[in-house]
1. May I ask you to say which residue of Ala73, Ala27, Ala49 is farther than 23 Å from Gly120 by Cβ and surrounded by fewer than 23 Cβ atoms within 10 Å (Cβ to Cβ)?
2. Exactly one condition in (1) more than 18 Å from Gly173 (Cβ to Cβ); (2) at pLDDT 95 or above; (3) of a type in the set (Asp, Glu) is false for Glu129; which is it?
3. If you check every pair at least six apart or on different chains, which have Cβ atoms under 9 Å apart with a residue in segment 3-16 that is on the phi < 0 side of the Ramachandran plot first and a residue that is of a type in the set (Lys, Arg) and outside any loop (DSSP other than H, G, I, E, B) second?
4. So Gln141 fits all but one of (1) touching a Ser or Thr at 6+ places or on another chain (Cβ under 8 Å); (2) within 16 Å of Gln192 (Cα to Cα); (3) not basic (Lys, Arg); what number is the exception?
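The values are calculated or read from the model by the stated rules, or taken from the named source; none is laboratory data. Just so it is clear, the structure is predicted and the values come from calculations on it, not from any experiment. FYI the Cβ positions are ideal-geometry reconstructions off the backbone, even for glycines, and counts take in every protein chain you see.
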Amino acid sequence: MRRLFIAGNWKMNLLREDAVALAEAVAAKADTVGMVDFAVCPPSVYLDAVGQALRGSKVGLGAQNMYHEAKGAFTGELSAAMLLDVGCQYVILGHSERRHILGETDLDVNRKVKAAIAAGLSPIVCVGETLAQREAEETLQLISSQFRGSLADLTEDDMQKVVIAYEPVWAIGTGRTASPEQAEQVHADLRQMLKDQYNTAVADTVRIQYGGSVNEGNAASLLSQPNIDGALVGGASLKADSFLAIAIKAISG
């Protein structure tokens, strides 16, 4: 059975003092919530401080991005080794904000995924359609293309180290959320892609999160769907109580 995985993407929010305080609060309360894995992904400049605040807790540390090269003249970038050095276990790759605002392609994401896995990080790989693509009934086509491109040439063992996050672009930071039925359909499609590309064992193992205005009010209905294995949480992850409440609502039904 796939274990529920709730990760918080803090994006470009919080300064050091508040980031550490939030991490400490999440760490203290997460230990009281069973049957759920947690991670938080702070801005890169606070990874070390947040990692120290999480030490000894059940909450994993994740980064919001990385570069595919191991080292070199790449000003402003961070390598997988650097992330590991400050205690990261996870890294978010291919988030829609990086794809649509910063122009990252599936090939860019794929290079990063391979580098992350080779270094020992677990990548959280994001896919998702825009509102125009959904209204044009192109969701499956777009998700399939991102799946194939972002996860190209991974072995079965590689794939089982990956977390997929379905984040419809039109639901990120907008207050709009995919209905449980809409989200479940895409998750089921992704599960079938895993089965077709690999086998049933891989499809049954890989966790697929939902992201897009997830909060305490909609968590239970979304995370009760059979193919939704957790959430990649944005705004609601910036307060410990609201972040932990998502997990509590999910396991309590």
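1. Details: Ala27 fails: farther than 23 Å from Gly120 by Cβ; Ala49 fails: farther than 23 Å from Gly120 by Cβ.
When all the criteria are applied, what remains is Ala73.
2. Status for Glu129: all satisfied but (1).
3. Cβ pairs passing all conditions: Arg3/Arg207; Leu4/Arg207; Phe5/Arg207.
4. Only one criterion is unmet by Gln141, namely (1).
Residues are listed down the side, and each one gets a yes or a no for (1) over 18 Å from Leu232 (Cβ atoms); (2) more than 18 Å from the chain's Cα centre (by Cα); (3) at pLDDT 95 or above:
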{"position": "Gln182", "(1), (2), (3)": "no, yes, yes"}
{"position": "Gln192", "(1), (2), (3)": "yes, yes, yes"}
{"position": "Thr200", "(1), (2), (3)": "yes, yes, yes"}
{"position": "Thr205", "(1), (2), (3)": "yes, no, yes"}
{"position": "Gly212", "(1), (2), (3)": "no, no, no"}
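Okay, residues lined up against (1) part of a helix (DSSP H, G or I); (2) of a type in the set (Ser, Thr, Tyr):
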site: Leu194; (1), (2): yes, no
site: Ser213; (1), (2): no, yes
site: Ser221; (1), (2): yes, yes
site: Ala231; (1), (2): no, no
site: Ala250; (1), (2): yes, no
